[in-house]
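The values are calculated or read from the model by the stated rules, or taken from the named source; none is laboratory data. Small disclaimer: the values here were computed from a predicted structure and weren't measured. Cβ sites come from the backbone with ideal geometry, for glycine too, and all protein chains shown count toward neighbours.
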Amino acid sequence: MSDAPDWLERLFGGLVRLSTSERLLVSLSAVIVAAGIGMLVILGAGYVATCETPVLFIFGVEFCYNPVEVYRVLFTGAFGSNFGRATTLQWTTLLLFTGLSFAIPYKAGLFNIGGQGQFVLGSLGAAVAVVGLAGAVPSGMGGRLVLVPAGLVAGAVVGGAYGLVPGYLKVRFEMNEVITTLLLNFIATAVAFVFVNRRFDDGTVQGTQTPAIPEEAIFKPVVFPNSADFSLLVFGLGVVVLVGFYWLLARSRIGYDIQALGTQPKAAVFGGVDERRTTLFSMTAAGVVAGLGGALFVMMVIGRWQPGAPPIGFDGIAVSILAGNSPAGLLPAGLLFGALQSGGQVVELQTGVPGELVGVLRGLVILLVATPELFRALGRRLNRRGVIDIDTGGETQ
């Protein structure tokens with residue numbers, strides 16, 4: 001028995017025992033609440049802003065921004081045109097990979113904050129491999145059959161190797177993976193920049209970047225316009241990886257070990273789960289999928305490695321949390337963030353509303369969704385340390 005107050009144990013116990021479906025419902029409720037608060041924020045910004053012609057009057061008060069119009073433009077910008085739908089799906093696809101890079105270790109009770117660094121180095125590995133092989137392969141389909149797999153494998157291997165580093169530090173020196181993965185993000189960005197600047201720069205006035213990868217290594221759109229930089233084939237690959245993750249958890253021995261270690265670590269180890277192997281596998285797998293996402297970013301979107309990659313790795317954390325770290329929820333969660341990203345660009349152009357307000361909406365979603373998960377993780381940790389006494393009822397993450 002613990003000395004904690006009953007109300008505290010009931011609070012944490014209710015959060016810890018939430019099922020996957022209940023957590024998804026909490027996430028959906030948080031999104032709705034965030035949308036409501038976002039409307040108030042837009043109204044407030046419209047009240048303090050100055051404009052020649054107010055667009056909304058409420059009880060005689062003038063507002064420069066209409067939140068209903070902002071949400072309408074946000075939706076139509078994300079889904080109302082072929083280009084908008086392609087851009088939304090482009091971001092959704094990339095977020096599936098970085099979301100998985102957080103969800104996989106989370107199931108094992110680990111926090112991978114290093115998806116961004118693994119994404120950056122994976123993109124660099126793909127660019128270097130493809131450009132390096134370009135002169136040794138024929139053009140056309142023969143070159144495509146070599147360069148595309150080479151780029152994907154290189155990105156996955158480099159990302160996986162970088163994910164292995166914090167896993168090794170965890171099992172060998174008991175270093176906290178939150179700190180190591182976070183710091184490794186900055187190291188990855190610096191190492192990639194110096195490497196390209198000194199060894200692989202294309203020598204142009206555009207700044208530090210690799211040479212452009214050949215056409216044979218670029219994923220081309222089929223249904224959508226070329227300017228959208230989106231391939232349905234890549235989206236299909238993301239869905240396949242998602243299904244593979246679901247199968248891994250539900251049907252494989254290592255998947256059982258991952259979930260057992262994340263749910264009841266002491267009982268799992270007592271029952272024969274190899275904690276070191278499971279930790280190393282989880283962190284390496286996280287790096288593999290993040291690196292694969294980085295490779296696809298180069299081979300589908302920008303066509304070369306450049307500094308200043310968008311924070312897709314960090315956004316993937318929010319996507320995973322919104323999805324309850326469940327494979328079933330990653331696709332709709334990624335679609336929501338993809339829509340906010342693509343639609344937000346249109347909002348600023350058509351309504352004059354600063355793009356930062358769409359960023360506020362994304363932040364509200366992250367805040368309201370992450371808060372219950374934060375207390376849920378805290379409750380599990382306090383329970384493991386005996387500070388509080390919670391009957392988990394065999395809950396899984």
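Quick notes on this one:
- 1 or more residues in contact with a Pro (Cβ under 9 Å, 6 or more places away or on another chain) and over 21 Å from S101 (Cβ atoms): qualifying helices (runs of 4 or more DSSP H) within region 242-352: 327-351
- Test: residue in region 201-208 that is modelled with pLDDT of 95 or more, hydroxyl-bearing (S, T, Y) and either in contact with a helix residue (DSSP H, G or I) (Cβ under 6 Å, 6 or more places away or on another chain) or not in a loop (DSSP other than H, G, I, E, B) (or both): no
- Of R72, R17, R85, R23, all but one fail to be surrounded by 22 or more Cβ atoms within 10 Å (Cβ to Cβ), under 26 Å from L322 (Cβ atoms) and not β-branched (V, I, T); the exception is R23.
- Under the condition of being part of a loop (DSSP other than H, G, I, E, B) and under 29 Å from the mean Cα position of the chain (by Cα), the residues counted in region 32-54 number 0.
- Enumeration of residues in region 135-181 that are among the small types (G, A, S), without any contact (Cβ under 8 Å) to a residue 12 or more places away in the chain and not in a helix (DSSP H, G or I): G135, A136
- Filter result for the condition that a residue is at pLDDT 80 or above and in contact with a Lys or Arg (Cβ under 7 Å, 6 or more places away or on another chain), over L340, L357: L340
- Counting residues in region 184-194 that are out of contact with any strand residue (DSSP E or B) (no Cβ under 8 Å at 6 or more places or on another chain), closer than 16 Å to F111 by Cβ and in a helix (DSSP H, G or I) gives one or more.
- Region 259-298 - residue that is free of Cβ contacts under 8 Å to residues at least 24 places away in the same chain and under 17 Å from Y168 (Cβ atoms) and, of those, surrounded by the fewest Cβ atoms within 10 Å (Cβ to Cβ): R277
- Inspection of region 67-74 identifies at least one residue that is under 22 Å from the mean Cα position of the chain (by Cα) and not in a loop (DSSP other than H, G, I, E, B).
- Qualifying positions in region 353-370 - of a type outside the set (A, V, I, L, M, F, W, C), touching a residue at least 24 places away in the same chain (Cβ under 8 Å) and in a helix (DSSP H, G or I): R362
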